[in-house]
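See below for the structure under consideration.
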Amino acid sequence: MQTKHKNLFDTTAEMPVDDIPYIFNPFALSDTVPDKKIIVGLTIFLLSFLNASQAQSFQTHPGSWNIINVKLTVNEKWSLFVEPQLRSLSFYNQFHYFEIKAGATYNLNSNFALTTGLGSYNTYSEGGNFKMPIKQKEIRTWAQLVMKQHLKVIKFEHRYRAEQRFTNHGYRNRFRYRLHAIVPINNRKVVPKTFYAAVWNEIFFTNLLRFSNAIVSFLAVGMK
């Protein structure tokens, strides 16, 4: 029986998932960080990838998604970040995707922040470790505005991002809006030892005829 493999985390597809680790990064929940402090976060996901056969039967097998977050707070206004990611279709085998991105954030005030970034995103062929040929090679730049709001105990974050994507298949623009909400469970604020629920919904736009190309929702529970 011939099996067709569907890669849920193929970045050549229009369904984007590159921001999911944000939910699990406890440092993203902190509004104040001491000056000139370097924060390093390591996140490892064990993911399940889907195989769909022509007979409409389904199988799953684990993959991995590895992220390292490095943030340097220069002062109350400026911070820098670097984030490499490595993904595999099997459990630490068949590595098919690598990205590295870096950027700078400027805090206008406690509720508004501007960020600009640059990244390299590489998707390889399936069936081996970094198997050639490369399916998609991309250099991406972006600019974004983040606005924070508080409604009683709920913290909202609105993120507006414009991306410029230079790929081996040509140039593309992409525009994104994400609404992110964090609800503390056992405290009125997200302080150490606080359980919280986080949910976000993001919509992606292009300047092409197919104007909206993805809507992504995500729900998680964590502890700071």
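The single condition among (1) under 23 Å from residue 107 (Cβ atoms); (2) touching a Phe, Trp or Tyr at 6+ places or on another chain (Cβ under 6 Å); (3) modelled with pLDDT of 95 or more that residue 138 does not satisfy is (1). The set of residues in the stretch 116-136 that are surrounded by 15 or more Cβ atoms within 10 Å (Cβ to Cβ) and within 16 Å of the chain's Cα centre (by Cα) comprises 117, 119, 121, 122, 123. Just one residue in the set 93, 75, 129, 109 is without any contact (Cβ under 8 Å) to a residue 12 or more places away in the chain, more than 26 Å from residue 172 (Cα to Cα) and not hydrophobic (A, V, I, L, M, F, W, C); that residue is 109.
Residues of the stretch 212-220 include none that is modelled with pLDDT of 90 or more and over 17 Å from the mean Cα position of the chain (by Cα). Does residue 121 satisfy the criteria of being touching a Leu at 6+ places or on another chain (Cβ under 6 Å), of a type in the set (Phe, Trp, Tyr) and either closer than 26 Å to residue 79 by Cβ or modelled with pLDDT of 95 or more (or both)? So residue 121 fails the test. For residue 221, the stated conditions hold: it is farther than 25 Å from residue 123 by Cα, surrounded by fewer than 16 Cβ atoms within 10 Å (Cβ to Cβ) and among the hydrophobic types (A, V, I, L, M, F, W, C). For the condition touching a Ser or Thr at 6+ places or on another chain (Cβ under 8 Å), crowded, with 19+ Cβ neighbours inside 10 Å and either part of a strand (DSSP E or B) or among the aliphatic types (A, V, I, L, M) (or both), residue 113 qualifies.
Within the stretch 96-137, the set of residues being over 18 Å from residue 70 (Cα atoms) and among the acidic types (Asp, Glu) comprises just one member, 126.
Whether a residue is among the acidic types (Asp, Glu) and over 25 Å from residue 106 (Cα atoms) was assessed, and residue 157 does not pass this test.
Could you grab me the full set of residues in the stretch 95-110 that are in a strand (DSSP E or B) and not hydroxyl-bearing (Ser, Thr, Tyr)? Correct list: 95, 96, 98, 99, 100, 101, 102, 103, 104, 107.
May I ask you to verify whether residue 77 is surrounded by 14 or more Cβ atoms within 10 Å (Cβ to Cβ) and of a type in the set (Lys, Arg)? The answer is no for residue 77. Within the stretch 168-209, the only residue that satisfies the criterion of being touching a helix residue (DSSP H, G or I) at 6+ places or on another chain (Cβ under 6 Å) and assigned to a strand (DSSP E or B) is 198.
Is it the case that residue 154 is touching a residue at least 60 places away in the same chain (Cβ under 8 Å) and under 21 Å from residue 217 (Cα atoms)?
no
The values are calculated or read from the model by the stated rules, or taken from the named source; none is laboratory data. Quick caveat, the model's predicted, so the values are computed rather than measured. All Cβ positions, even for glycine, are placed from backbone atoms using ideal geometry, and neighbour counts span all protein chains on display.
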